[in-house]
Amino acid sequence: MFEYDQELVEELLATDVTFRKLHDEHREIKEKVHEAEIGTLPLDDFTMARLKKEKLRCKDKMAAIIASHRTERA
């Protein structure tokens, strides 16, 4: 995730509490989705769809923070 901005991601993880919380939340949801997909975490379709939307919401917010910081640097 955000491979092209890895340096900025590392900086934000160290300095931006909001970004770090979003990153952690995204990672936790990603793990749950993976566990559900391989069958170790039983989830109904509605819950799975909700988790995927929440994961995407986190990623979108992180992308917005990255874009904002990239713009500030330019």
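Assorted remarks:
- Contact order for the chain, expressed relative to its length and based on alpha carbon pairs under 8 Å spaced 6+ residues apart, stands at 35 percent.
- Estimated 222 nm signal from helices in the chain, with DSSP H stretches of n ≥ 4 weighted -39500 (n - 2.57), rounded to 500: -28500 deg cm²/dmol
- Semi-axis lengths, Å, segment 16-73, gyration tensor of Cα atoms, sqrt of 5 times eigenvalues: 28, 10, 7
- Distance in nm between pseudo-label sites at LEU13 and LYS53 (7 Å out along the Cβ direction from Cα): 2.9 nm
- The protection proxy used here, the mean number of other Cβ atoms lying within 10 Å of each residue, ranks peptides 30-42, 53-65 as follows, highest first: 53-65, 30-42.
- Net charge dipole, the chain: roughly 280 debye, given to the nearest 20, about the Cα centre with Cβ charges of +1 for Lys and Arg and -1 for Asp and Glu.
Coordinate-derived values only; no laboratory data. All of these numbers come straight from a predicted model, not from anything done at the bench. Methodologically, a virtual Cβ is constructed for each residue, glycine included, from the backbone with ideal geometry; neighbour enumeration extends over all protein chains shown.
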